[in-house]
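A.B. asks: Next up is a structure, given as structure tokens.
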Amino acid sequence: MEDCLAKKMEITVSEAEKRTGRNAMNMQETYTAYLIETRAVESQIEGQCAPVDSLWRRYSEFELLRNYLSVTYPHIVVPPLPEKRADFVWHKLSADNMDPDFVERRRIGLENFLLRVASHPVLCQDKIFYSFLTQEGGWKEMVNETGFQLKADSRLKALNATFRVKNPDKRFTELKHYSDELQSVISHLLRVRARVADRLYGVYKVHGNYGRVFSEWSAIEKEMGDGLQSAGHHMDVYAASIDDILEEEEHYADQLKEYLFYAEALRAVCRKHELMQYDLEMAAQDLTSKKQQCEELATGTVRTFSLKGMTSKLFGQETPEQREAKIKVLEEQIQEGEEQLKSKNLEGRDFVKSAWADIERFKEQKNHDLKEALISYAVMQISMCKKGIQVWTNAKECFSKM
Amino acid sequence: DTSLAEVNSFSPSMPISPSSMINQYKFEDEPELRDLFITVDDPESHITAIETFITYRVVTKTSRGEFDSSEYEVRRRYQDFLWLKSKLEEAHPTLIIPPLPEKFIMKGMVERFSDEFIETRRKALHKFLNRIADHPTLTFNEDFKIFLTAQAWELSSHKKQGPGLLSRMGQTVRAVASSVRGGVKNRPEMFTEMNDYMETFSQKINVLDKIAHRIYKEEREYFNEMKEYGPIHTLWSASEEDIADSLKGVASCIDKCCKATEKRMAGLSENLLPILHEYVLYSEILMGVFKRRDQIQGELDAKVDALAHKKTEKDLFSEEIGKLEDKVECANNALKADWDRWKQNMQCDMRSTFTNVAENNLRYYEECLATWESFLASQTVDLHVEEDSEDRP
């Protein structure tokens, strides 16, 4: 962790700006650009203030970075990006990507993403990541030049592997179930939370109606007037207080959302394992069948039904020379296959080892973060209750003076 | 003093809730001298060939001399209450007769004979009779006494006497007509002020009634969502190890807050909503009382105008006018006194009701605060334990 980039460099996403430009199809588009500021930490210790470097990036570039990292480090649980579109909104919040509140929360989410990558022992050393932070021009070309897209596994291949793999590591199967459960339970929680927020908003805001009526009523009362008027004021305060409360809660929801998206990153690692394992199983199967074929040709016995065997029966036997040639080819293939199998095995074991190490690291991070999030939620509730107590204590005093 | 002794022998087994007892005392002018205790309870359904209706048990305990017995139990239906109200209005046109619950409730999903409807009505009928019992004049009304004491057949026969429905309707029509015609002309300043006050008050109380219902509705919707919120955390805890306890703790807090919010709702529906509704009805009643006063004044004014054009029979007219002047003076005095009393009671009711609303909310927030604080304490204790165990080699 001593080498981790986050310790050497201060990284912030400090601003967001609306831009217009032309997209790939030469059509005008509006998008938001984010300002990434970096500053070396070391010089600060000496009492000097290091200069701030900055550059602008848009969301799609963040996406490109993340895709590159996912493909290049498939054994790592790569931190997720904040959501592309506003989801789990309750009615007050806008689902519009250009809405300033959404942009602000996304800014924070992007900063969080960069900090997570920068504090990851493996990812922080990546050169492309470093250039993302420091090199404005030509970064996209640099990424594409790595050819990472070619390394990406096709979705179809991955799906196929998931269905057909026979002996995946049990821990990964369990992890996959866990990530499914995590995703399902967090989405459910976020959906209900949004509805609860909506309702809470309604309760508070309706109390705001008291203010005006009390004020108008107090005009015709002599003794009751003052009490009504001041009580009305407190009702207005009460109604207004919900806006800040719910805004704070939105940050809590964002913390949960990060782990909702992390579930997908976990699944990606599991998928990679399944793919590798399936590949290994296929290679082993292929090797076995080649060995068998070889044996059959050598001994002349046909142990298993094969189309080749049938055709040779139909169209006549081969000559001994032809058979020899075939056996030779097969023996070469078998030798290649055995080497490949050995290296695939090794690869697979390395993958499992390093992936599992990162998964353990992730689990600790997740437990720590979620526990903190729950504590911060309790703190928010406590603050809301205290505010409520204050307002209603004041209101009670006004009412009792009526 | 025998009356006080009998008041003290008031049986504690009467089926009233403590809060309604307090309510009875709240609008009492002199609680120590109360000698008439009325409860309305035990709704029962009656099915005949023609109709289905509900009767309520009315129990009266009294130490008053003019009552033959000290305890009465009768059954009354809504119609009987309507009858009583109209008799009181007839006998005291410019007194403020307490409101009866409405015949039906148009809005809302309450069915005619649903338990909720019956209970709301029962409480309102109970309030109605007690408000009359507390009224310095109405409490001694003969029809009131008959209502409380007569058996069913006695009441029926008594009801058949006196002016019928049509003549009562005629009275109201004449009252409205005359107020449109003339009573407003010579109306004393005081009553115009009352009228203006009442117009504004009526508006405001109607709006408040709507606001209170909106708040209740929003709180109920919030409660419904909260019911689902806690259990999700419990479900989540089943897939976790390290954070399972924290999740269960949050689930438990949310469930407790959910119960607290249910209590808050109940407080609203038991207190604020019925009181606001009663005063909505009161505002209508008061407008009617003002009209009746105007009508009585109008009769006098009409006669006075007629006298101005009369040449003969002046003496006879003067006598009539004298009687009408007395009538107007009585009506005005009665109304003025009752108005002052009503205003005081209203102020008292509003003060205690809204204070109660505030207390309700305070209780709610204090309960929730305690719940979350104890959760927080449990979490930070865990953190310290974790830190300690990390220090160990």
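A.B. asks: Does B:L276 satisfy the criteria of being over 30 Å from A:D369 (Cα atoms), out of contact with any strand residue (DSSP E or B) (no Cβ under 8 Å at 6 or more places or on another chain) and within 13 Å of chain A (Cβ to nearest Cβ)?
C.D. replies: Working: over 30 Å from A:D369 (Cα atoms): yes; out of contact with any strand residue (DSSP E or B) (no Cβ under 8 Å at 6 or more places or on another chain): yes; within 13 Å of chain A (Cβ to nearest Cβ): yes.
Yes.
A.B. asks: Can you tell me which residues in region A:351-375 are basic (K, R) and over 19 Å from A:E174 (Cα atoms)? It would help to see each step written out before you state the result.
C.D. replies: Initial filter on region A:351-375 (basic (K, R)): A:353, A:361, A:363, A:366, A:371.
Once the filter is applied, which keeps residues that are basic (K, R) and over 19 Å from A:E174 (Cα atoms), region A:351-375 yields only A:K371.
A.B. asks: Spot the failing condition for B:G230; the list is (1) over 30 Å from B:F290 (Cβ atoms); (2) surrounded by fewer than 17 Cβ atoms within 10 Å (Cβ to Cβ); (3) more than 7 Å from chain A (Cβ to nearest Cβ), and only one is missed.
C.D. replies: (2)
Here is a yes/no grid of residues against (1) facing chain A (nearest Cβ under 7 Å); (2) out of contact with any helix residue (DSSP H, G or I) (no Cβ under 6 Å at 6 or more places or on another chain); (3) more than 30 Å from B:N361 (Cβ to Cβ):
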residue	(1), (2), (3)
B:R187	no, yes, yes
B:F191	no, yes, yes
B:Q203	no, yes, no
B:K210	no, yes, no
B:Y216	no, no, no
B:E240	no, yes, yes
B:A251	no, no, no
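A.B. asks: Follow-up. If only one of B:D326, B:D349, B:D338, B:D315 is under 21 Å from the mean Cα position of the chain (by Cα) and more than 14 Å from every other protein chain (Cβ to nearest Cβ), which one is it? Walk me through it before giving the result.
C.D. replies: Values: B:D326 fails: under 21 Å from the mean Cα position of the chain (by Cα); B:D349 fails: more than 14 Å from every other protein chain (Cβ to nearest Cβ); B:D315 fails: under 21 Å from the mean Cα position of the chain (by Cα).
On inspection, the qualifying residue turns out to be B:D338.
A.B. asks: In addition: Check whether at least one residue in region A:242-249 is touching a Phe, Trp or Tyr at 6+ places or on another chain (Cβ under 6 Å) and touching a residue at least 12 places away in the same chain (Cβ under 8 Å), and report yes or no. Spell out the reasoning first.
C.D. replies: Taking region A:242-249 first, the residues touching a Phe, Trp or Tyr at 6+ places or on another chain (Cβ under 6 Å) are A:242.
This time we only want the ones that are touching a residue at least 12 places away in the same chain (Cβ under 8 Å), so: A:242.
Yes, because at least one residue in region A:242-249 is touching a Phe, Trp or Tyr at 6+ places or on another chain (Cβ under 6 Å) and touching a residue at least 12 places away in the same chain (Cβ under 8 Å).
A.B. asks: So which helices (runs of 4 or more DSSP H) are wholly in region A:106-168 and hold at least 2 residues that are among the charged types (D, E, K, R) and surrounded by fewer than 13 Cβ atoms within 10 Å (Cβ to Cβ)? Break it down into steps so the answer makes sense when it comes.
C.D. replies: Numbers: elements: A:127-134, A:139-145, A:148-151, A:155-164.
Correct list: A:139-145, A:155-164.
A.B. asks: Only one residue in B:S252, B:S239 is touching a Phe, Trp or Tyr at 6+ places or on another chain (Cβ under 9 Å) and not in a helix (DSSP H, G or I). Which one?
C.D. replies: Working: B:S252 fails: not in a helix (DSSP H, G or I).
Going through B:S252, B:S239 in turn, just one is touching a Phe, Trp or Tyr at 6+ places or on another chain (Cβ under 9 Å) and not in a helix (DSSP H, G or I): B:S239.
One line per residue, one yes/no per condition, for (1) among the β-branched types (V, I, T); (2) in contact with a strand residue (DSSP E or B) (Cβ under 8 Å, 6 or more places away or on another chain); (3) surrounded by 15 or more Cβ atoms within 10 Å (Cβ to Cβ):
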{"site": "B:P188", "(1), (2), (3)": "no, no, no"}
{"site": "B:I205", "(1), (2), (3)": "yes, no, yes"}
{"site": "B:H213", "(1), (2), (3)": "no, no, yes"}
{"site": "B:T234", "(1), (2), (3)": "yes, no, yes"}
{"site": "B:I243", "(1), (2), (3)": "yes, no, yes"}
{"site": "B:C257", "(1), (2), (3)": "no, no, yes"}
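A.B. asks: Which of the residues belonging to region A:268-301 are more than 47 Å from the chain's Cα centre (by Cα) and touching a residue at least 40 places away in the same chain (Cβ under 8 Å)?
C.D. replies: Scanning region A:268-301 gives a single hit, A:C294.
A.B. asks: For region B:114-140, what are the residues that are over 19 Å from B:T55 (Cα atoms) and either in contact with a helix residue (DSSP H, G or I) (Cβ under 6 Å, 6 or more places away or on another chain) or in the same structural domain as B:M346 (by the TED database) (or both)? Can you show your working first?
C.D. replies: First, the residues of region B:114-140 that are over 19 Å from B:T55 (Cα atoms): B:131-140.
Scanning region B:114-140 gives B:I132, B:A133, B:L138, B:T139.
A.B. asks: Here's another thing I want to ask about it. So, in region A:366-402, exactly how many residues are more than 9 Å from chain B (Cβ to nearest Cβ), surrounded by 19 or more Cβ atoms within 10 Å (Cβ to Cβ) and either farther than 16 Å from A:E247 by Cα or over 22 Å from the mean Cα position of the chain (by Cα) (or both)?
C.D. replies: The qualifying residues number 0.
A.B. asks: Is at least one residue of region B:258-265 more than 14 Å from chain A (Cβ to nearest Cβ) and not aromatic (F, W, Y)?
C.D. replies: Going residue by residue through region B:258-265, those that are more than 14 Å from chain A (Cβ to nearest Cβ) are B:259, B:263.
Then keep just the ones that are not aromatic (F, W, Y); that gives B:259, B:263.
Yes, region B:258-265 has at least one match.
A.B. asks: Turning to a different aspect of this structure: What is the one condition in (1) touching a residue at least 60 places away in the same chain (Cβ under 8 Å); (2) more than 13 Å from chain A (Cβ to nearest Cβ) that B:W372 does not satisfy?
C.D. replies: With (1) touching a residue at least 60 places away in the same chain (Cβ under 8 Å); (2) more than 13 Å from chain A (Cβ to nearest Cβ) applied to B:W372, the lone miss is (2).
A.B. asks: Looking at A:V192, A:V237, which one is in a helix (DSSP H, G or I) and facing chain B (nearest Cβ under 9 Å)?
C.D. replies: After ruling out the rest, the residue left standing is A:V192.
A.B. asks: Please find, within region A:332-350, the residue that is surrounded by the most Cβ atoms within 10 Å (Cβ to Cβ) out of those that are among the charged types (D, E, K, R) and farther than 18 Å from A:R171 by Cα.
C.D. replies: Applying the first criterion (among the charged types (D, E, K, R)) to region A:332-350 yields A:332, A:336, A:338-339, A:342, A:344, A:347, A:349-350.
With farther than 18 Å from A:R171 by Cα added as a condition, the list becomes A:332, A:336, A:338-339, A:342, A:344.
Working: A:E332: 10, A:E336: 12, A:E338: 14, A:E339: 10, A:K342: 10, A:K344: 18.
Ranking the candidates gives A:K344 first.
A.B. asks: Within region A:213-233, can you find the residues that are within 9 Å of chain B (Cβ to nearest Cβ) and part of a helix (DSSP H, G or I)?
C.D. replies: Initial filter on region A:213-233 (within 9 Å of chain B (Cβ to nearest Cβ)): A:213-214, A:216-217, A:219-221, A:223-224, A:227-228, A:231.
Residues satisfying the conditions are A:V213, A:F214, A:E216, A:W217, A:G227, A:L228, A:A231.
A.B. asks: Could you look through region B:135-148, keep only residues that are over 13 Å from B:T62 (Cα atoms) and within 19 Å of the chain's Cα centre (by Cα), and pick out the one that is surrounded by the fewest Cβ atoms within 10 Å (Cβ to Cβ)?
C.D. replies: Filtering region B:135-148 for residues over 13 Å from B:T62 (Cα atoms) gives B:135-138, B:141-144, B:146-147.
Keeping just the survivors that are within 19 Å of the chain's Cα centre (by Cα) gives B:135-136, B:138, B:144.
Values: B:H135: 24, B:P136: 12, B:L138: 20, B:F144: 20.
Step by step, filter region B:135-148, then rank; the result is B:P136.
The values are calculated or read from the model by the stated rules, or taken from the named source; none is laboratory data. Every value quoted in this text rests on a predicted model; they were computed, and no experiment measured them. Here the Cβ is made from the backbone with ideal geometry for all residues, glycine too, and neighbour counts use every protein chain on show.
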